[in-house]
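Just so it is clear, none of the values below were taken in a lab; they were calculated from the coordinates. These numbers come from a predicted model, not from an experiment. A quick note on method: Cβ atoms are made from the backbone with ideal geometry, for glycine too, and the neighbour counts reach across all protein chains shown.
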Amino acid sequence: MKKFRRSYCGLCHPRCGTLLHYDENGKVVKVSGDPDHPVTRGVICERGRLMIDHLYHPQRLNYPLKRIGKKGEGCWQQISWDQALDEVAEKLSTLREKYGAETLAFTHGTKRTYHWDCRRFFNLFGSPNTCGVNTICMCPSYATEFATYGGMILGSEVPAAKCVVLWGCNASQSSPTGLYPKIVQARKNGAKLIVIDPREIKEVEKSDLWLQIRPGTDLALMLGWIRLIIAENLYDHEFVSRWTVGFDELKGVVEPYIPKIVAEITSLPEELIIASARMYATSRPAVIPFGLGLDKQGVNSTQCARGRAIIRAITGNLEIQGGEVFSLAGDIGKIRDSEHLELNHLLPESQRIKQLGADRYPFFGFPGWEKTSAANQKLPEGYMAPPEAWHSNLAHAREVMNAIITGNPYPVTAAISLANNPLLALPNTKRVFAALQALQLYVVVDYYMTPSAALADFVFPAASTVETPELWLTSRFCMACPQGVDALYERRNSYDFYRGLGLRLGQEKYWQWETVEDVYDHCLEPVGLTFNELSDRYGIFGEMEYRRYERFGFGTPSGKVELKSSIFEDLGAAPLPHYREPVWSPRGDLVVAEEYPLILITGSRFMPMYHSEQRQIKKAREKVPDPLVSIHPKTAEEHGLCEGDWAVISTPLGSIRQRVKLSDAMHPQMVDVQHSWWFPERDPHLPELFGVFESNANVLCPDDPEFCSPEIGSWPHSALLCRIEKEQRTQPVSSCRQL
Ligand SMILES: Nc1nc2c(c(=O)[nH]1)N[C@H]1C(S)=C(S)[C@@H](COP(=O)(O)OP(=O)(O)OC[C@H]3O[C@@H](n4cnc5c(=O)[nH]c(N)nc54)[C@H](O)[C@@H]3O)O[C@H]1N2
Ligand SMILES: Nc1nc2c(c(=O)[nH]1)N[C@H]1C(S)=C(S)[C@@H](COP(=O)(O)OP(=O)(O)OC[C@H]3O[C@@H](n4cnc5c(=O)[nH]c(N)nc54)[C@H](O)[C@@H]3O)O[C@H]1N2
Ligand code: SF4
Ligand SMILES: [Mo]
């Protein structure tokens, strides 16, 4: 008998290839990297090595549970999948009849499972209200890049670049097997490295320039770069004149951003602003990979994404070797993708217009997505991935939470959270908690009993990634990710969950595939392969082609790169980037700044944790037992704090406690709190609810409209104000009673 099987790790995005080694009883005893995997080539990270601990963890959910006590009281009855699906479907039917299909909402986390199945179910059910973290995670960049040049750039060419700019991107911690090794490779090849980050991250050591920028001011620096690049004639004249629109207007808006002004706003030395712009613009090909530090800064986030896109374009870096490529060509473009499976066309206009938040942020709802999709359709089929709705067409989470709480503009009475822990992931924990409590029906599908799941009416046990196959389609390759073990107990994948509900709600016609493998066979049909055949050869790669725009133009309304965005303009958003001072900042609200003098950033990634996960896994907790707040030793001294002390961190919204970590990487005026902390070892019931209110960064983060970007509504997890002090009491700082 073969002692190992090929599989993959889905504990974060890259789906690294693994080998699962078995003992004679069929139990997985070891996981290692698959050296033959053509993308990850045997590399897995320290989190990936925890797969066995996760697969067999005693706290895993193994059966559906139905609440029998009060909400949050922790009394559950184990029931069968059939009974659970029957009861949920029946309740959904009743609520739909009473309030309309829009009464059901969905909250999502980062991409962990399939996503298109959720969108498919919601479109068929009739609700436009899927919302979640994408409003701040990559999607401001994604949607904006579609509006600007008709596609999303990914960092695949990094190793061949002559200059890499890490702009709000902490790759060594956030992408240890993906982007980070590519940066190391680029450095080995002699590339310049510019780091723009308020913290001295690991990559700074190897960098040519480090810009310790004041959080939230990146757009001012971008406008300064653009001005200088134009003023010093460092832009690509031919590309700009042939392939862009709005250059003269752009020139106008950047005019005020002379180095002196940019230096005042960003707290950077003038020489560094000038040197970095010159280094970037004169080292072609150059890349600026995505960094969440820009997307999560609130008011300026969307226009930061525009600024970055404009910089890439005017310097002639689009679609060149070693530069910023969209790819998707050859067979990859033929494979039926999420857009095909989502069935967005089946959601009628009468329901689309009810999407919560789309009146305030039309660009990020159906109106914007319809425009970016229409522009994409002008290109030849399969040439450029169309904008996926789950990525760029969302209800706004704050508006959904408000509707649940107030019943305005209409009652939202039911919600599903699948692969999301909203109490930890979304800002303004107080609002999210009130909303989850107010729901008439709350359904959670997860691996573990989380703080959010503890408030549910029904909890379904999810299959781990190794317990279910996946077709991993990116713009460069399509990999078959083979199931490594039979699903244990009654854990199931998300397709089975949605199909189970769909079959009970009159959607039989659209769930014709019995298993998710059958769906993948359907997706692969145009390239003449089945999932198993694809799996035998691991996957297929697209062929890289450069400067394809010379043949087809760009997928925008004008067919060119829109430095001035016509889609933004049509939807009433600023078509050219303008810098705004963050609301809570040393130069923003001076009253708040007096009481909360330090700049707060949250959520800088750290290994081995992935958001709120791994907190139950002993080996992970041994490495990071407690939530940590990083501050400079000087700041600590001023506040009477020492390494390991429990400190209270407060904003006008609330207070949390974390343990002090002294770090020279921090600016003395800054505080960095870890996000997503809860304590599986603590009391699961209300009011404690696993201590979810105690050290959770999102108790501190606001989401009212004035804090959010006006184009998309992305809220701030960074560029805020706080104060820090030594904890005086032994009581928890925040409980749901004190919120
Ligand atoms: N303060 C602050 N908040 C942040 C951020 C920040 O930087 N600062 N970052 C934000 C960003 S970018 C993101 S993407 C979000 C992340 O937010 P989420 O993606 O919601 O992350 P988690 O809180 O870990 O919740 C994911 C839940 O899904 C479960 N899960 C994992 N995989 C699967 C699966 O395959 N199937 C099912 N059914 N369940 C699964 C996990 O057990 C976990 O309970 O957090 C956001 N929140
Ligand atoms: N270990 C681990 N890896 C992860 C995740 C995880 O939870 N844990 N989450 C995954 C997810 S969903 C995402 S979205 C990615 C995100 O991964 P990254 O893009 O690397 O994002 P972060 O680590 O949140 O922040 C990046 C950097 O932004 C800086 N920063 C904060 N505010 C600002 C600012 O205003 N301006 C600038 N220029 N920089 C700023 C921070 O100091 C930090 O170094 O990570 C993924 N990888
Ligand atoms: S980077 Fe690590 S956790 Fe993420 S998929 Fe690869 S091995 Fe798994
Ligand atoms: Mo994210």
For region 544-570 versus region 282-356, the gap between their alpha-carbon centres in whole angstrom: 12
Over region 132-187, relative contact order from alpha-carbon pairs under 8 Å, at least 6 apart, %: 30
For the chain: relative contact order, % (alpha-carbon pairs under 8 angstrom, 6 or more apart): 19
Fraction of alpha-carbon pairs over 20 Å apart in region 59-157 - percent: 60
Modelled FRET efficiency - R0 56 Å, residue 706 with residue 3, Cβ distances, 0.05 increments: 0.40
Kirkwood-based Rg to Rh ratio, region 590-738, C-alpha trace: 0.96
Long-range HN-HN contacts of residue 410 with modeled amide H, under 5 Å: none
Karplus-derived 3J(HN,Hα), 6.51/-1.76/1.60, for each residue of region 34-46, Hz, glycine and proline x: 8, x, 8, 5, x, 9, 9, 6, x, 8, 10, 9, 5
Over the chain: Rg over Rh, Cα atoms, Kirkwood Rh: 0.94
Taking region 590-738 and dividing mean pair separation by its residue count, relative contact order in percent (alpha carbons under 8 Å, at least six apart): 33
Footprinting exposure proxy for 315, 651, 556 (fewest neighbouring C-beta atoms within 10 Å first): 651, 556, 315
For region 622-665 and region 411-478, distance of Cα centres in Å: 30
Dipole in debye (nearest 20) - the chain, about Cα centre, beta carbon charges: Lys, Arg +1; Asp, Glu -1: 800
Backbone HN-Hα couplings from phi across region 619-630 [Karplus 6.51/-1.76/1.60, Hz, Gly and Pro as x]: 5, 6, 6, 5, 6, 10, x, 10, x, 10, 10, 8
Compactness index (Cα Rg / 2.2 N^0.38 Å), region 156-324: 0.96
Helical contribution to [θ] at 222 nm, DSSP H n ≥ 4, -39,500 (n - 2.57), averaged over the chain, rounded to 500: -8500 deg cm²/dmol
Under-5 Å amide H pairs with residue 561, H placed in peptide plane, nonlocal only: 244, 245
Region 17-23 - phi-based ³J(HN,Hα) in whole Hz, Karplus 6.51/-1.76/1.60, Gly and Pro as x: x, 10, 10, 9, 9, 10, 8
